[in-house]
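What follows draws every value from the coordinates through simple rules; no lab data is involved. Keep in mind it's a predicted model, so treat the numbers as computed, not measured. For neighbour counting, all protein chains shown are included, and Cβ atoms are generated from backbone atoms with ideal geometry for every residue, glycine included.
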Amino acid sequence: MHVGVRDIDRAVRACDRLRPVLPLLLAISSNSPYLDGRDSGLHSARTQSFTKSFPRCGIPDAFGGWSGYRNYIEFLLHTSSIIEFTQVWWSVRPHFSFGTVEVRICDAQASAREADALASLLTACIAQALRDVDEGVPFDDPAPRLIEENMWRAIRHGLDGKLIDLERAEEYPARAAIERLAAWTAPIRAELGIDFSFPERNGAQRQRAMIATGASREEVFAASVGETSDTYPQEVAV
């Protein structure tokens, strides 16, 4: 998801504020229990496979602004670690060519309704982070190891598990992540006219429920494809 942003320093600061939000977005969007045709036991095997197989993936450090981010990119270029900046595959990043903040944490969604809801939520989160930067809203940047605790919980259990309120050091039902993000983004959503609604169970929950009843991989895949074909306009031969 890309949202256009003025000022690269502002974009980097918004990315910093979105770091603790990323595991919540992954839990909400989790939809990949299979890996190489086998039940992984996870809700987002895609995330586990991608972030553990490639460099510069997952949740980035906090850079504090454009200067810190630029120094990092220049270090990678100078040491021949990358050829160009898009080879930094963080789950949130400023995209220099497009002039956007890009959030890339989520699994693909099976239905049009979920894709629309997730796009609306992502837009609201990025816009609210930018507004908080502009208004100087206080922000306590959590340690990476704390954010990683929520990241693993999102990968492993999705919306079936619990996440951690990092400020209070307390668990809460992962499903409440939707309400928490809705409350945080309420000001900007009211201003921009953004609303969203998610189904009772996300894609991973629906797939895992079928797996639990003994459905085959082919049956689970067919059901997911059916959700997509039923909720998107069909191509008509002319």
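The table below lists the values:
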| item | result |
| --- | --- |
| Count of residues meeting criterion [in contact with a Lys or Arg (Cβ under 8 Å, 6 or more places away or on another chain) and either under 16 Å from Ile59 (Cα atoms) or among the charged types (D, E, K, R) (or both)] in region 149-162 | 3 |
| Counted residues, region 42-98 - those being outside any helix (DSSP H, G or I), over 30 Å from Gln205 (Cα atoms) and in contact with a His (Cβ under 9 Å, 6 or more places away or on another chain) | 2 |
| Residue in region 57-79 that is surrounded by 18 or more Cβ atoms within 10 Å (Cβ to Cβ), basic (Lys, Arg) and either touching a strand residue (DSSP E or B) at 6+ places or on another chain (Cβ under 9 Å) or farther than 24 Å from Tyr172 by Cα (or both) present | no |
| Arg168, sole failed condition from (1) in a strand (DSSP E or B); (2) more than 15 Å from the chain's Cα centre (by Cα) | (1) |
| Flag if Arg19 is within 19 Å of Thr185 (Cα to Cα) and basic (Lys, Arg) | yes |
| Filter pass, Arg93 being charged (D, E, K, R) and either touching an Asp or Glu at 6+ places or on another chain (Cβ under 6 Å) or buried (at least 21 other Cβ atoms within 10 Å of the Cβ) (or both) | yes |
